[in-house]
Amino acid sequence: MDLPRSFTIRESSHRVHNPFTEDKLGVLGRAVRLRPGTTVLDLACGTGELLCRWARDHGVTGTGVDISTVFTAKARERAAELGVADRVTFVHGDAAGHVAPTPVDVACCIGATWIGGGFAGTLDLLARSLRPGGLLLVGEPFWRQDPPDQATVAGCHATSKDDYRDLPGLVELCGEQGWDLVEMVLADEDSWDRYAAAQWFNIRAWLDADPDDELAAEFRAELDRAPLDYVRYLRPYLGWGVFALKRR
């Protein structure tokens, strides 16, 4: 049980595995009014930056769960680096279906709603770990503009236009599922650039170091197409944000 090696290579330099800068992660922590002692569960936590940074900056405690052995190891290293290893724990495991043994104040899935079979299913999954009155944080894409054709849909890593809603539709879905939207922090073009372009740099650096690896041809092909696909399709058409929700 692990992520494909290609994914960890592509995002090897990333601390945040979404189109969110570290500054925006700080904005999110302040926006949701974290307090010392707040307990947090982060499903599909990646390399643990959210938990580690919030433990340092806001005094939270919590657990992150991720399927990648590479990422969970990096998360533990980051916790030690920031001096919060006594406050956060990282578990290698499948976040799909994971429920905290004790209800938490904040339950997160920041950009990996496939673990619950989609946005609505992930709300239901997170709610199983949440104390009454607690807060959900969910990261999700949305259409900034209506995609005009299937090439645009595919360029945004979707199979169908129906994979995502527009922003009003996503907010509407929160209400349909019985949640109040109480805060949101959205990606912008710069944070998308920092996320996507860093992938190209990681790939090129890896290709320079490992030209004969079995993945080299696949990555060479990706680097040939990814920058143009990004500026043509994903950057203008796809939005992304983290939505803070409370049960009605």
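The values are calculated or read from the model by the stated rules, or taken from the named source; none is laboratory data. As the structure is a prediction and not an experimental result, all values here were calculated from the model. Cβ atoms come from the backbone with ideal geometry, glycine included; neighbour counts cover every protein chain shown. Just the protein is used for accessible areas: all its heavy atoms, side chains included, with ligands, DNA and RNA removed. Shrake-Rupley method; radii C 1.70, N 1.55, O 1.52, S 1.80 Å.
Within the range 172-190, the set of residues being open to solvent by less than 20 Å² (accessible area, probe 1.4 Å) and touching a helix residue (DSSP H, G or I) at 6+ places or on another chain (Cβ under 6 Å) comprises just one member, 185. Restricted to the range 20-35, and to residues there that are of a type outside the set (A, V, I, L, M, F, W, C) and in contact (Cβ under 8 Å) with a residue 40 or more places away in the chain, the residue that is nearest to residue 189 (Cα to Cα) is 21. When the range 196-248 is filtered for residues that are touching a residue at least 40 places away in the same chain (Cβ under 8 Å) and among the basic types (Lys, Arg), the ones remaining, listed by number, are 232, 235, 246, 247, 248. Of everything listed in (1) more than 15 Å from residue 107 (Cα to Cα); (2) open to solvent by less than 10 Å² (accessible area, probe 1.4 Å); (3) of a type outside the set (Gly, Ala, Ser), the single unmet condition for residue 54 is (1).
The residue of the range 128-158 that is farthest from residue 102 (Cα to Cα), among those that are over 18 Å from the mean Cα position of the chain (by Cα) and of a type in the set (Gly, Ala, Ser), is 151. Please go through the range 27-55 and pick out each residue that is assigned to a helix (DSSP H, G or I) and either at pLDDT below 95 or out of contact with any helix residue (DSSP H, G or I) (no Cβ under 9 Å at 6 or more places or on another chain) (or both). 27, 31, listed by residue number. Residues in the range 130-166 that are surrounded by 17 or more Cβ atoms within 10 Å (Cβ to Cβ) and of a type in the set (A, V, I, L, M) were compared, and the one that is farthest from residue 25 (Cα to Cα) is 153.
Taken over the range 85-134, the residue count meeting the criterion of being part of a loop (DSSP other than H, G, I, E, B) and under 24 Å from residue 47 (Cβ atoms) is 15.
So if I check each of 193, 224, 212, which one is within 27 Å of residue 6 (Cβ to Cβ), in a helix (DSSP H, G or I), of a type in the set (Asp, Glu) and over 22 Å from the mean Cα position of the chain (by Cα)?
224
Within the set of pairs 6 or more residues apart or between chains, which connect a residue that is closer than 25 Å to residue 19 by Cα inside the range 129-142 to a residue that is of a type in the set (Asp, Glu) with Cβ atoms less than 6 Å apart? Final answer for the pair search is 142/166. Annotation for the range 11-21: at least one member residue is over 15 Å from residue 138 (Cα atoms) and more than 14 Å from the chain's Cα centre (by Cα).
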